[in-house]
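Undergrad: Just passing along the structure, written as structure tokens.
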Amino acid sequence: MNKSKFIISNYKFLIVFIFLSMSCGFSYKGQLWLDTNYIDKSDNFWYFGYISELSLKGNNNLDFEWSRKLLSENHSLSSANKNENYRLWLRYTQPTYDFRIGLQKISFGSASLLRPLNWFDTIDFASTTGQTSGVEAARLQFYLLNNSLLSLWCIDDDQISCGGRLELLNKIGNFGITYFNDENNNQHEVFKVPRIIENQPSLPFPGSNHRIGLDYRYDGMIGLWFEGASIMSSTKNINLNRFDVLTLGGDYTFDIFNGLLLSSESMYFSIISEQSTEGTDENPWILNQTTSSLIASTPIGMLNDIMLISIKDWETKDSYNLIRWATNFDYLSINCLLSINPSPVQDSFKLMLIYNH
């Protein structure tokens, strides 16, 4: 293990030492949820989980968060339990910058559902828990003029991999440019496709790579955005050379009912091979896919809202549809989700109870 990786992987000892040697104010909160799934012509299953979160705030611009996630997954013939850290980080804050080290959330981009820049998060658009896995990282953020932001990070994943992002905010919109040098030489997931079905397969990349992303969002009477990424192999001894992903989207709220929000995105995705076609210098397209989404949502009364999500694969002509009804109280949320899918993917019904305290 190299020296830098040793330092990051053993930051926990530093955290414990610092907060045992200083007086702190603290707070505690948690999230409890029950997730039951009924799948047509298949085994039903349910989840039970709890995230406990302890936050400590020190006297010297230091704060600390530790969240533990307990999860029990139960099928008709088997069960599995997990007990793992959800967040564990230490942060030092100043007016112009902050530094955070540990297991933390790193998420960015302008798109809402079809997201080329979801490199490090696992946000599920169908869930109202807001949960996403974290990454072991050291991150430094600089707060620039005009609410602009510069972020630099190094992530501990097989190898130390570093990157950065610059966000510029002005009256014509929000711009972002992102770069990441991924040193992981193993086959691994480099961005998350939308989770339409349970146990959906991932899209792995065969080794180390460079990633560059651009995004823009304008919020006016009509919301408009784009988000794109190119993921280029750092290795020359493989056939696959590059992933290109681009999403265009927009939304508008109609003055009907209690406000009807329509949002649509289209994502173009391609895989380019390193091998040249015979007689030309051009790389052949191995995969060329376009996916579109439509989201319609409206509140019903003071406590309820209904949402329809439809995803269309233009190559296979398949449509995946999700209807979600949510009832929200101060601390309790009740969600009913009906999924209607093309064959051979089974339809399903999910009931989710979420309690926050």
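The values are calculated or read from the model by the stated rules, or taken from the named source; none is laboratory data. This structure is a prediction, so every number in the text was calculated from the model and none was measured. Every residue, glycine as well, gets a Cβ built from its backbone with ideal geometry; the counts of neighbours run over all protein chains shown.
Undergrad: If we scan segment 41-53, do we find a residue that is at pLDDT 90 or above, of a type in the set (Val, Ile, Thr) and buried (at least 18 other Cβ atoms within 10 Å of the Cβ)?
TA: Pass one, segment 41-53, residues at pLDDT 90 or above: 48-53.
Applying the additional criterion that residues be of a type in the set (Val, Ile, Thr) yields 51.
Filter once more, keeping what is buried (at least 18 other Cβ atoms within 10 Å of the Cβ): 51.
Yes, some residue in segment 41-53 is at pLDDT 90 or above, of a type in the set (Val, Ile, Thr) and buried (at least 18 other Cβ atoms within 10 Å of the Cβ).
Undergrad: Separate question: Within segment 144-175, can you find the residues that are among the β-branched types (Val, Ile, Thr), closer than 25 Å to Leu246 by Cβ and part of a strand (DSSP E or B)? Talk me through it step by step, then tell me what you get.
TA: First pass over segment 144-175, keeping only residues among the β-branched types (Val, Ile, Thr): 155, 160, 172.
If we keep only those that are closer than 25 Å to Leu246 by Cβ as well, we get 155, 172.
The answer is Ile155, and nothing else.
Undergrad: Could I ask something else about it? Which members of segment 298-331 meet the condition of being in a loop (DSSP other than H, G, I, E, B), charged (D, E, K, R) and closer than 30 Å to Gly30 by Cβ? Show your work before the answer.
TA: Taking segment 298-331 and keeping what is in a loop (DSSP other than H, G, I, E, B), we get 301-303, 314-317, 329-331.
Filter once more, keeping what is charged (D, E, K, R): 315, 317, 330.
Asp330, the sole residue that qualifies.
Undergrad: Of Ser107, Ser151, Ser112, which residue is more than 30 Å from Ala326 (Cα to Cα) and either among the hydroxyl-bearing types (Ser, Thr, Tyr) or out of contact with any helix residue (DSSP H, G or I) (no Cβ under 7 Å at 6 or more places or on another chain) (or both)? Please lay out each step first, then the result.
TA: On the way: Ser107 fails: more than 30 Å from Ala326 (Cα to Cα); Ser112 fails: more than 30 Å from Ala326 (Cα to Cα).
Criteria check complete, one pass: Ser151.
Undergrad: Taking segment 90-106, which residues are part of a strand (DSSP E or B) and free of Cβ contacts under 8 Å to residues at least 60 places away in the same chain? Talk me through it step by step, then tell me what you get.
TA: As a first pass, look at segment 90-106 and keep what is part of a strand (DSSP E or B): 90-94, 97-104.
Within segment 90-106, Arg91, Tyr92, Thr93, Gln94, Tyr97, Asp98, Phe99, Arg100, Leu103, Gln104 qualify.
Undergrad: Can you give me the number of residues within segment 59-88 that are touching a helix residue (DSSP H, G or I) at 6+ places or on another chain (Cβ under 8 Å) and surrounded by 19 or more Cβ atoms within 10 Å (Cβ to Cβ)?
TA: So the answer is 2.
Undergrad: What are the pairs with Cβ atoms under 7 angstrom where one residue, in segment 161-189, is free of Cβ contacts under 8 Å to residues at least 12 places away in the same chain and the other, located anywhere, is of a type outside the set (Phe, Trp, Tyr)? Sequence gap at least six, or different chains.
TA: none
Undergrad: Return the residue satisfying two criteria in turn: it lies in segment 124-139 and is in contact (Cβ under 8 Å) with a residue 60 or more places away in the chain and part of a loop (DSSP other than H, G, I, E, B), and of such residues it is surrounded by the fewest Cβ atoms within 10 Å (Cβ to Cβ).
TA: Asp124
Undergrad: Shifting gears a bit: Of everything in segment 324-335, what is over 21 Å from the mean Cα position of the chain (by Cα) and within 30 Å of Thr247 (Cα to Cα)? Give them in sequence order. Outline the logic, then answer.
TA: Taking segment 324-335 as the starting set, the residues that turn out to be over 21 Å from the mean Cα position of the chain (by Cα) are 325-334.
Passing the criteria: Trp325, Ala326.
Undergrad: Further question: Of all residues in segment 328-357 being surrounded by fewer than 13 Cβ atoms within 10 Å (Cβ to Cβ) and hydroxyl-bearing (Ser, Thr, Tyr), which is modelled with the lowest pLDDT? Walk me through how you get there before you give the answer.
TA: Residues of segment 328-357 surrounded by fewer than 13 Cβ atoms within 10 Å (Cβ to Cβ): 329-331, 343-344, 357.
Then drop every residue that is not hydroxyl-bearing (Ser, Thr, Tyr), which leaves 331, 343.
Details: Tyr331: 95, Ser343: 80.
Filtering first and then ranking leaves Ser343.
Undergrad: Does Thr277 count as modelled with pLDDT under 90 and over 30 Å from Leu34 (Cβ atoms)? Working first, answer last.
TA: Values: modelled with pLDDT under 90: yes; over 30 Å from Leu34 (Cβ atoms): yes.
So Thr277 fits the description; yes.
Undergrad: Just name the residue that is modelled with the highest pLDDT out of those in segment 145-168 that are farther than 21 Å from His210 by Cβ and either touching a Leu at 6+ places or on another chain (Cβ under 6 Å) or surrounded by fewer than 15 Cβ atoms within 10 Å (Cβ to Cβ) (or both).
TA: Per the stated criteria, the residue is Ser148.
Undergrad: For segment 37-62, which positions are part of a strand (DSSP E or B), touching a residue at least 24 places away in the same chain (Cβ under 8 Å) and in contact with an Asp or Glu (Cβ under 9 Å, 6 or more places away or on another chain)?
TA: Asn37, Ile39, Phe45, Trp46, Tyr47, Phe48, Glu53, Leu54, Ser55, Leu56, Lys57
Undergrad: Does any residue in segment 204-215 that is closer than 7 Å to Ile231 by Cα and touching a residue at least 60 places away in the same chain (Cβ under 8 Å) come within less than 6 Å, Cβ to Cβ, of a residue that is aliphatic (A, V, I, L, M) and buried (at least 17 other Cβ atoms within 10 Å of the Cβ) six or more places away or on a different chain, and which pairs are these?
TA: Hits for this filter: Arg211/Ile231.
Undergrad: How about segment 176-226: which of its residues are modelled with pLDDT under 95, loosely packed, with under 15 Cβ neighbours inside 10 Å and part of a strand (DSSP E or B)?
TA: Across segment 176-226, the qualifying residues are Glu189, Pro204, Asp219.
Undergrad: Can you find a residue in segment 108-121 that is in contact with a Leu (Cβ under 6 Å, 6 or more places away or on another chain) and buried (at least 20 other Cβ atoms within 10 Å of the Cβ)?
TA: Yes, segment 108-121 contains a residue that is in contact with a Leu (Cβ under 6 Å, 6 or more places away or on another chain) and buried (at least 20 other Cβ atoms within 10 Å of the Cβ).
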